[in-house]
Every structure is written in C-alpha cells, then in structure tokens.
Amino acid sequence: MDITEARPSSLSRVTITELMIPSYANFGGKIHGGILLSLMDKVAYATASKHSGAYCVTVSVDTVNFLQPVEVGELVSLMGSVNYVGNSSMIVGIKVISENVKTGTVKHTNTSYFTMVAKGEDDKPTTVPPLRLETETDIRRFVEAIYRKRFVREHADYLKEIKKNRDPDEIKRLLAKERCEVGV
Ligand SMILES: CC(C)(COP(=O)(O)OP(=O)(O)OC[C@H]1O[C@@H](n2cnc3c(N)ncnc32)[C@H](O)[C@@H]1OP(=O)(O)O)[C@@H](O)C(=O)NCCC(=O)NCCS
C-alpha cells in the first residue's frame, strides 16, 4: 500500500453483525457488556487494518456508555469508520445498533471511539495513509476528533495538576458531600 496516498473512509468501512445467543447473557438475562466490547474491538481492528494495510493494536477507548440493554435474540450490528488519522494512530468511530428481528425495532446502544495504532514488521508504530475527506460528514468527524483529542489531553493535565496539589481542606469538603464514612 502507498502510505503517501490519502484513502477515503469509504474504502475501510466495516460492519459486523452478530446474533446475540443465550451464552452471551449475564445473570440478569441481558447481553454482557464485555461481549459488546469484544465485538467493538474486532470492528475497530478490521477498520484500522483495512485503512493502514498493517497490523494494528488498540491503544485507548474513548467513552463507552451503554445507553440501552441488548436482549438475547437481537441482531447487533457494529459499524466502524476511520474518523481521524495522525501519523501511526487512527481514531475509529463505532456505532452500535441492536435490532429486534420480530418487531423490526432498532435501537442505538452506543457510539464509541477507539484509538488504534498501526505497527510495522519491527513491532514499532508505522505511518498510515492520510485520510481523504470526501463529504461534510467526513470533515465534521475529523474536526470533532481533533477537539476530542484536545479535551483528553487537557483532562489528563487537569488530573495531574489535582494529584500534585492535594488540598486537605478541599478533600474534606468534597467527602462531606458524598455517601462515604471516613474511618482514618
Ligand atoms: C501504543 C504503543 C504502540 C505506543 O508506542 P510508543 O512507542 O510509545 O509510540 P508513540 O509514543 O510514538 O505513539 C504512537 C502513536 O500512539 C499514540 N498514542 C500513544 N498513547 C496513546 C494514548 N494513550 N491515547 C491515544 N493515542 C496514543 C501517539 O499519539 C502516537 O500517535 P501518532 O503516531 O499518530 O502521532 C505501545 O504503547 C503499545 O504497543 N501498547 C500496547 C497496545 C496493545 O497491546 N493493545 C492491546 C491491549 S491488550
């Protein structure tokens, strides 16, 4: 693959559809969150490796909120699309929907963003092709990814700062508002 030539996300889009069988259920009879996470990881890998033509690893996952439970017997579809590329990293947006085949009802269970990194034969990060933005949606997703990356960086800096400057009075004030009992 020519890594200098931009590739559109339409060339690497992947959809995985899987039937939710009883062995995927948790004690409450709903589909286990881990099953969905594993499928999301698969679709992220397939999408990122299609874009880069390389072996890829998952580096981080940005927010997984399961908005609605998934039932046994439903058909879950996971759609992966490359939203952003850096040098060796790619952000894959994944939309998960679940369909009740009897009623035809479709629900959106979550949208998450997986950062994947392409690796070369030497197991080191390797450059991936740029992303060709062909639609307004492509541009919106790319720009949103830039903002999300910036937010994650600022959030990490904020937490680092808080850890450095722990104020005992502020800690007391915070804990006083919470449902906890201090035993030290
Ligand atoms: C991710 C990994 C390849 C980074 O290796 P590294 O030698 O530190 O490489 P770099 O610092 O150059 O980072 C490579 C890219 O990853 C990105 N990256 C690294 N850590 C990241 C994080 N926590 N979140 C988002 N992106 C991250 C960097 O921004 C960089 O992106 P770019 O090339 O597009 O600019 C390495 O830490 C690794 O192999 N981790 C294990 C991944 C794995 O096994 N996943 C499966 C989970 S069991």
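The values are calculated or read from the model by the stated rules, or taken from the named source; none is laboratory data. Keep in mind the model is a prediction, meaning the values are calculated, not measured. Cβ: placed from backbone, ideal geometry, glycine included. Neighbour counts: every protein chain shown.
Values for this structure:
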| quantity | calculated |
| --- | --- |
| Residues satisfying the stated conditions in the stretch 90-132, i.e. touching a helix residue (DSSP H, G or I) at 6+ places or on another chain (Cβ under 8 Å), of a type in the set (A, V, I, L, M, F, W, C) and in a strand (DSSP E or B) | Met90, Ile91, Val92, Ile94, Val96, Phe114, Met116, Ala118, Leu131 |
| Matching residues in the stretch 12-32 - criterion: being among the hydrophobic types (A, V, I, L, M, F, W, C) and touching a strand residue (DSSP E or B) at 6+ places or on another chain (Cβ under 8 Å) | Val14, Ile16, Leu19, Met20, Ala25, Ile31 |
| Tally, over the stretch 58-79, of residues that are assigned to a strand (DSSP E or B) and either free of Cβ contacts under 8 Å to residues at least 40 places away in the same chain or over 23 Å from Val143 (Cα atoms) (or both) | 4 |
| Residues located in the stretch 80-89, provided they are within 15 Å of the ligand (Cβ to nearest atom), assigned to a strand (DSSP E or B) and polar (S, T, N, Q) | Asn83, Ser89 |
| Check on Ser60, surrounded by fewer than 15 Cβ atoms within 10 Å (Cβ to Cβ) and at negative phi | yes |
| Residue in the stretch 65-76 that is buried (at least 16 other Cβ atoms within 10 Å of the Cβ) and either within 16 Å of the ligand (Cβ to nearest atom) or small (Gly, Ala, Ser) (or both) present | no |
| Index of the failed condition, Lys163 passing every other in (1) outside any loop (DSSP other than H, G, I, E, B); (2) modelled with pLDDT of 95 or more | (2) |
| Options Arg148, Arg132: the member that is basic (Lys, Arg), within 11 Å of the ligand (Cβ to nearest atom) and surrounded by 10 or more Cβ atoms within 10 Å (Cβ to Cβ) | Arg148 |
| Those residues of the stretch 38-57 which are among the hydrophobic types (A, V, I, L, M, F, W, C) and surrounded by 15 or more Cβ atoms within 10 Å (Cβ to Cβ), in sequence order | Leu39, Met40, Val43, Ala44, Ala46, Ala48, Ala54, Cys56 |
| Looking only at the stretch 97-119, and only at residues there that are within 23 Å of Val143 (Cβ to Cβ) and more than 16 Å from the ligand (Cβ to nearest atom), the one that is surrounded by the fewest Cβ atoms within 10 Å (Cβ to Cβ) | His108 |
| Of all residues making up the stretch 120-129, the number that are more than 13 Å from Ile3 (Cα to Cα) and near the ligand (Cβ under 9 Å from one of its atoms) | 3 |
| Residues of the stretch 1-57 satisfying the condition of being assigned to a loop (DSSP other than H, G, I, E, B) and in contact with an Asp or Glu (Cβ under 6 Å, 6 or more places away or on another chain) | Met20 |
